[in-house]
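The values are calculated or read from the model by the stated rules, or taken from the named source; none is laboratory data. For clarity, every value in this text was computed on a predicted model and none was experimentally measured. Here the Cβ positions follow ideal geometry from the backbone for every residue, glycine too, while neighbour counts run over all protein chains shown.
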Amino acid sequence: MNVSKIASYCCAGLVAGLSAVAGSIYDIPIKTLEGKDSSLKPYQGKVVLVVNVASQCGYTRQYAPLEKLHRDYKDKGLVIVGVPSNDFGGQEPGSPTEIKEFCTSKFDVTFPLYEKVGVRPGSTQHALYQWLTGADSPYPGPVKWNFNKFLISGNGQLLARFESKVEPDSAELKAAIDKALASR
């Protein structure tokens, strides 16, 4: 293969990656925790709370109020999406099977969990987090720790971002969710 063909393939891949980042959040591919190809498209029209989760973090206890939030709001149109990450202190070292077992046995998690991804800027940052935190985001800047929360409207707009210390059952987060649900 000659250099111009290699450059052509590289550029095509780069353009495809950039369009996924710049386009709709629903177009970004992400695998389920079971390794199946997926995206957030099944949740289009619903309010989505994306949370980078980890099983060995001081904030891991937030799984319980996240699950309660999921159960209290799922029939109203909220979907909580857990996205494991090992980017902070190696606090999510588990395999997909271990993550699933931990979440279900310790916290009875029933909300969707996706593949473990990189959330920090750099070569391993997943396109979902490029979209959520990149320069074109209304809330740009790197994720600083586990259990950051991103609230997405029913039409795929990033509405709010909450740092780890904002509890899932806080009045602040619930008010933002209620407002998003009322607007969909």
* Asked: Applying the selection to segment 140-163, what residues are part of a loop (DSSP other than H, G, I, E, B) and over 18 Å from Y59 (Cβ atoms)?
  -> P140, G141, S153, G154, N155, G156, Q157
* **Matching residues in segment 94-142 - criterion: being closer than 16 Å to L33 by Cβ, among the basic types (K, R) and under 13 Å from the mean Cα position of the chain (by Cα)** => K116
* To do: Determine whether V166 is over 23 Å from Y43 (Cα atoms) and part of a loop (DSSP other than H, G, I, E, B).
  => yes
* **Residue match in segment 160-183 (condition: modelled with pLDDT under 95 and at negative phi)** => yes
* **Every residue from segment 1-50 that is of a type in the set (F, W, Y) and either surrounded by 13 or more Cβ atoms within 10 Å (Cβ to Cβ) or at pLDDT 50 or above (or both)** => Y26, Y43
* Asked: Among the listed residues Q130, Q62, which satisfies the condition of being polar (S, T, N, Q) and within 20 Å of K41 (Cα to Cα)?
  -> Q130
* Members of segment 145-172 found to be farther than 21 Å from D27 by Cα, in contact (Cβ under 8 Å) with a residue 60 or more places away in the chain and in contact with a strand residue (DSSP E or B) (Cβ under 8 Å, 6 or more places away or on another chain), listed by number -> N146, F147, N148, P168
* Could you tell me whether D178 is in a helix (DSSP H, G or I), surrounded by 14 or more Cβ atoms within 10 Å (Cβ to Cβ) and among the charged types (D, E, K, R)? => yes
* Go through segment 38-88 residue by residue and tally those that are more than 21 Å from R161 (Cβ to Cβ) and in contact with a Cys (Cβ under 8 Å, 6 or more places away or on another chain). => 1
* Restricting attention to segment 52-65, which residues are among the aliphatic types (A, V, I, L, M) and surrounded by fewer than 23 Cβ atoms within 10 Å (Cβ to Cβ)? -> A64
* **Subset of segment 88-139 (residues that are in a helix (DSSP H, G or I), closer than 15 Å to F150 by Cα and either β-branched (V, I, T) or in contact with a Gly (Cβ under 6 Å, 6 or more places away or on another chain) (or both))** => T133
